[in-house]
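Here's the structure, in structure tokens; my notes come after.
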Amino acid sequence: MEVKLWNDKREREMYENFAELYAIIKATEKLEKAYVRDIINSSDYETECQKLIAHFKTLASALKDTVPSIERFADTYKMDCPAAINRLVTSGVPATVEHRAAAAATGTTSAATVAECVQNFITAMDSLKLNMVAVDQVHPLLSDLSASLNKLSILPPDFEGKTKMREWISRLSKMGASDELTEQQSRQLHFDLESSYNSFMAALPSSGERWSRETKMQITVCFLRGQSGLWEECKRPQFLQAQNVQQPLDGAVMRVQSKRARSLEPRLKGVVPLLAIFDGIQR
């Protein structure tokens with residue numbers, strides 16, 4: 001005897017969505033176990049996990065009225081999938097991204113990575129100022145920032161920026177893609193970003209662990225090139241003075257006029273702290 005689960009088209013669509021959600025959770029659980037058992041390599045795992053997370057967020061957003069709690073959904077349908085719930089709801093990013101610091105433990109402090117972190121901090125803060133507060137706008141920015149912070153072995157696991165970004169990513173993962181942060185949440189996120197950014201700059205190598213002047217220059221050059229229109233502005237003679245014009249700009253030893261730098265605020269907000277780590281900076 002055939003038993004119908006639905007009485008109309010709307011109910012049929014709802015149960016089909018339930019089936020899709022069930023399948024995504026089960027597939028994520030299997031993927032997590034395969035990764036833990038080293039059955040799948042890190043690259044393939046990350047690609048497939050990102051797909052599942054994207055599908056989950058889209059579907060969870062569509063079902064937010066009928067499925068307000070994913071944990072309750074899993075309990076209702078007797079799903080024993082703790083790894084999937086953690087990955088989809090709590091973490092919101094693949095394990096390879098979440099634990100990138102462990103993979104990079106043998107690496108060195110890369111100037112390009114530091115510049116990437118600075119750029120991601122500034123991009124995230126500027127996006128909030130431009131009122132880009134939808135979950136599908138904010139989540140990728142915080143994920144990129146979290147990933148770049150995890151690449152730096154000089155930052156401890158309990159570093160403020162890492163902890164706060166994980167908390168925000170987890171919070172956003174429980175919201176729908178089209179949901180928006182409230183004004184209070186937006187202000188709090190901006191405050192956390194600024195606080196984490198200041199802690200990040202303070203954690204950069206100081207006099208006890210000096211980088212070469214060329215490496216420090218590379219950090220700022222990488223950052224500037226990531227800013228639309230700012231690189232050309234900063235190549236103007238009144239901003240930068242190359243002491244050795246025979247060398248390419250990237251490798252030249254430069255003295256930076258910090259007064260000019262501060263006049264470019266707020267666009268150079270991220271550059272001024274970087275300049276402060278230079279030896280021989282003109283104040």
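Within 10 Å of each candidate Cβ there may be at most 16 other Cβ atoms; applying that plus a DSSP loop requirement, which chymotrypsin sites (Phe, Trp or Tyr not before Pro) in segment 1-43 survive?
Passing sites in segment 1-43 are TRP6.
If you count only protein heavy atoms and use a 1.4 Å probe, how large is the accessible surface of GLU194, to the nearest 10 Å²?
Per-residue accessible area (GLU194): approximately 60 Å².
Can you run phi through the Karplus equation (6.51, -1.76, 1.60; θ = phi - 60°) for segment 53-60 and list ³J(HN,Hα) in whole Hz, with x for Gly and Pro?
With the stated coefficients, segment 53-60 comes to 5, 5, 5, 4, 5, 5, 5, 4 Hz.
Using DSSP to call loops (not H, G, I, E or B), can you name the GluC sites (Glu not before Pro) in segment 1-51 whose Cβ has at most 14 other Cβ atoms within 10 angstrom?
Counting only loop positions with at most 14 other Cβ atoms within 10 Å, the GluC sites (Glu not before Pro) in segment 1-51 are GLU2.
Search the structure for amide H atoms under 5 Å from the amide H of ALA177, placed 1.01 Å from N in the peptide plane, and list their residues when 5 or more places away or on another chain.
SER61
Can you give me the C-alpha center-to-center distance between segment 15-39 and segment 47-98, rounded to a whole angstrom?
Distance between centres, Cα-based: 9 Å.
Which residues' amide hydrogens lie under 5 Å from the amide hydrogen of HIS99, considering only partners 5 or more residues apart or on another chain, with H built in the peptide plane?
Under 5 Å from the amide H of HIS99 lies no amide H from a residue far enough along the sequence or on another chain.
So how exposed is HIS99, as accessible area in Å² (1.4 Å probe, rounded to 10)?
In the full protein context, HIS99 sits at about 110 Å².
Please list, in order along segment 117-125, the HN-Hα scalar couplings obtained from phi with the Karplus expression 6.51 cos²θ - 1.76 cosθ + 1.60 (θ = phi - 60°), rounded to whole Hz, x for Gly and Pro.
Each residue's phi maps through the Karplus curve to give 4, 4, 4, 5, 4, 5, 4, 5, 5 Hz.
At 1.4 Å probe radius, can you tell me the per residue accessible area of segment 25-144 in Å²?
Using a 1.4 Å probe on heavy atoms only, each residue of segment 25-144 averages 50 Å².
The values are calculated or read from the model by the stated rules, or taken from the named source; none is laboratory data. This is a predicted model, so every value here is computed, not measured. Neighbour counts run over all protein chains shown; Cβ positions are idealised from the backbone, glycine included. Just so you know, the surface numbers come from the protein's heavy atoms only, side chains and all, with ligands and any DNA or RNA stripped out. Shrake-Rupley method; radii C 1.70, N 1.55, O 1.52, S 1.80 Å.
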